[in-house]
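This report refers to the structure that appears directly beneath it.
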Amino acid sequence: MPANDEYVIEILKDVGLITQEQVDDLSVRTGGLHLLESLVKEGTVRAEDIARTLASQNGMDFVDLTQVTPTPELVALLTPETARRYKTVPISEHDGSLVLAIADPMDFEAFDSLGFLLKRSVEFVCAVPELIAEKLDRLYPLGLEELGKSITVTEEEDVTGDDSAPIIRMVYNILVEAQNNRASDIHIEPMEKRIRVRYRIDGNLQEVQSPPKKLQGAIISRLKIMSGSMNIAEKRIPQDGRIQIKVGDKAIDLRVSSVPTVHGESIVMRILDKSSLMLGLPELGFLSDDQATFERLVQMPDGIILVTGPTGSGKTTTLYGCLNYMNRPDRKIITVEEPVEYQMTGINQVQVNAEVGMTFAAALRSMLRQAPNIVMLGEIRDKETAEIAINASLTGHLVLSTLHTNDAPAAIARLVDIGVQPFLVSSAVRGIMAQRLVRKLCNNCKEPTELSEYEARSLNLDPGQLSKATPMRAIGCEKCRGKGFRGRMGIFEIFVADDEIRQMINRNATTLQLRHRTRELGMRTLREDGIRKVLSGLTTPEEVISSTMGD
């Protein structure tokens, strides 16, 4: 609130927003301290009405900051130090003047100083102070180290208090910065003399500025409280939870895991970005011919389609992309997941809970009585689940699931190894897709290059392929934070089971024999698909080589 509470209260009384009786009553209960703040907290008057009144009294316009999103160019006009010192954020440019929203319309020092500091004409509008503070945290976040130095209180009220408590603001800043940097995970790791914060961006961990070691306990306690289900007093056993927060207009879900270590509890938060659910098949990284093949597979009325690859290779995102592609009013889709990471409109999602007997197999048996057209299993882990899934596919259901194998043909051997009869595998499996993730070159700064002799030899490229290629290299810019890469895409190996392949499976053909024959029939390996994307300028040879070392 503005500094001169008494003056503001007199104005509010003059315009009829509050009465003297309300002020007297509150003064008795609070001892006369923080009257203006207490009037707002008790709902006697709204912060927006105060800001509008003060703007009118001082001949200024009022702006609702919830409806304003400054451009990066405007934000860059103020340094974080200047914006925070004068509690102001840039709004727009008008007739050559920079329009600034300010929290206190009677802060004459700010009026005099900002025009001088910015060396340009400045206009001021009034905004709600709390919204100014939120914008400052989002647009000009304090480094964790600087924010940590400003915190001297680590008592419980600072962990559980209102949104202005320093620890709460620090934790919020960590989450917001991760979201702004497109991180998929946040790692908070206690070490002997410091606490390390790292974000996983495009698959790579990057260390960011860390808070002081003295705040370790308060930060971890705050995260546990936000999860709603983790015990802040229990520090000896692993715990899991979930956090839901809102950053601007975007709701963010985080899956939280804590593990006790020698130097304290280590916290990892997985950011669940629901925007990935709406990805189409081209956004996943499919080139046109592979997309056509995969679309043909998922349009089949029955059978099993498997997506394979190691942990972190994007299998779940691909499955959700398939469900989004197939989700129509005339189809009933049921999923069995552990856990349900993303909630999708129009799809029945079942959470596995082994403690009460709701295993993958039990859930799958029950859901088949619900007459679904399409069934998605998070993973096939054992013989029982595999046999139920195969029987479902043989009785008119399309089943989607994942397996942990290195390539597509190896999934056949994996199903046989866990106890499924080869004739059932050959009858049910329609297609298998192996995948990996590679970083995409930043479209803003990538530039043409020529592949070195070593790169061409490593990728087994001939002069004919190179003559038609447009390879690119990473440069680095502001949009990609100097990395040269922005986002990730899939490289794929699609195995289609035709009549000849089914006969080979029935004869217990080895993985090598299946792979050799499918290659003759036109299947591209993971590396070959990666090479196509290198030659198209979408990624680099290093990315493809490192992701397909076993190919």
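Annotations for the structure displayed:
- Residue list for the range 288-300, filter: of a type in the set (A, V, I, L, M), open to solvent by 20 Å² or more (accessible area, probe 1.4 Å) and farther than 25 Å from S536 by Cα: M300
- The single residue among G303, G309, G285 that is open to solvent by less than 20 Å² (accessible area, probe 1.4 Å), in contact with a His (Cβ under 8 Å, 6 or more places away or on another chain) and in contact (Cβ under 8 Å) with a residue 24 or more places away in the chain turns out to be G309.
- Residue under evaluation K149, criteria (1) at pLDDT 55 or above; (2) basic (K, R); (3) open to solvent by 40 Å² or more (accessible area, probe 1.4 Å), criterion not met: (1)
- Where a residue in the range 75-89 is without any contact (Cβ under 8 Å) to a residue 40 or more places away in the chain and closer than 15 Å to I132 by Cα and its partner, wherever it lies, is assigned to a strand (DSSP E or B) and open to solvent by less than 70 Å² (accessible area, probe 1.4 Å), with Cβ under 9 Å and at least six apart: T82/T88; Y86/L100; Y86/I102
- Helices (runs of 4 or more DSSP H) lying entirely in the range 1-97 (those with 3 or more residues that are surrounded by 14 or more Cβ atoms within 10 Å (Cβ to Cβ)): 5-14, 20-30, 35-41, 47-57, 80-85
- Identity of the residue in the range 465-475, of a type in the set (A, V, I, L, M, F, W, C) and in a loop (DSSP other than H, G, I, E, B), that ends up farthest from A183 (Cα to Cα): A469
- Restricting Q239, Q244 to residues that are without any contact (Cβ under 8 Å) to a residue 12 or more places away in the chain and either of a type in the set (S, T, N, Q) or closer than 22 Å to R486 by Cβ (or both) narrows the list to Q244.
- The range 92-118 residues that are in contact (Cβ under 8 Å) with a residue 60 or more places away in the chain, paired with ones that are open to solvent by 60 Å² or more (accessible area, probe 1.4 Å) and part of a loop (DSSP other than H, G, I, E, B) (beta carbon under 6 Å, 6 or more apart): A103/K87
- Within the range 211-238, the set of residues being exposed (fewer than 15 other Cβ atoms within 10 Å of the Cβ) and either within 18 Å of R270 (Cβ to Cβ) or in contact with a Leu (Cβ under 8 Å, 6 or more places away or on another chain) (or both) comprises G228, S229, P238.
- Residue match in the range 495-509 (condition: open to solvent by less than 20 Å² (accessible area, probe 1.4 Å) and in a strand (DSSP E or B)): yes
- Unmet criterion (only one of (1) at negative phi; (2) open to solvent by 30 Å² or more (accessible area, probe 1.4 Å); (3) outside any strand (DSSP E or B)) for E123: (3)
- Residue within the range 517-526 that is in contact with a helix residue (DSSP H, G or I) (Cβ under 6 Å, 6 or more places away or on another chain) and aliphatic (A, V, I, L, M) present: no
- Residues satisfying the stated conditions in the range 196-247, i.e. of a type in the set (A, V, I, L, M), under 30 Å from V438 (Cα atoms) and in contact with a Ser or Thr (Cβ under 8 Å, 6 or more places away or on another chain): V197, I201, I243
- Test for E478: is it in a loop (DSSP other than H, G, I, E, B), free of Cβ contacts under 8 Å to residues at least 12 places away in the same chain and open to solvent by 60 Å² or more (accessible area, probe 1.4 Å): yes
- Failed criterion for R198 (all others in (1) free of Cβ contacts under 8 Å to residues at least 40 places away in the same chain; (2) crowded, with 17+ Cβ neighbours inside 10 Å; (3) more than 25 Å from the chain's Cα centre (by Cα) hold): (3)
- For D158, the conditions (1) modelled with pLDDT under 85; (2) acidic (D, E); (3) surrounded by fewer than 17 Cβ atoms within 10 Å (Cβ to Cβ) are fulfilled apart from (3).
- For the range 510-546, a residue qualifies if it is of a type in the set (S, T, Y), open to solvent by 30 Å² or more (accessible area, probe 1.4 Å) and either in contact with a strand residue (DSSP E or B) (Cβ under 8 Å, 6 or more places away or on another chain) or not in a loop (DSSP other than H, G, I, E, B) (or both), and the qualifying residues are T511, S546.
- Members of the range 430-464 found to be buried (at least 18 other Cβ atoms within 10 Å of the Cβ) and part of a strand (DSSP E or B), listed by number: R430, G431, I432, M433, A434, Q435, R436, L437, V438, R439, K440, L441
- Elements of type strands (runs of 3 or more DSSP E) contained in the range 320-429, each with 2 or more residues being open to solvent by less than 20 Å² (accessible area, probe 1.4 Å) and over 30 Å from H516 (Cα atoms): 333-337, 374-377
- Extreme residue, farthest from A434 (Cα to Cα), among residues of the range 505-531 that are among the charged types (D, E, K, R) and over 28 Å from the mean Cα position of the chain (by Cα): R507
The values are calculated or read from the model by the stated rules, or taken from the named source; none is laboratory data. Computed from a predicted model, the values in this text were never measured in an experiment. Reconstructed Cβ throughout: ideal geometry from the backbone, glycine too, with neighbour counts over all protein chains shown. Protein only, heavy atoms only, side chains kept; ligands, DNA and RNA dropped before computing areas. Shrake-Rupley method; radii C 1.70, N 1.55, O 1.52, S 1.80 Å.
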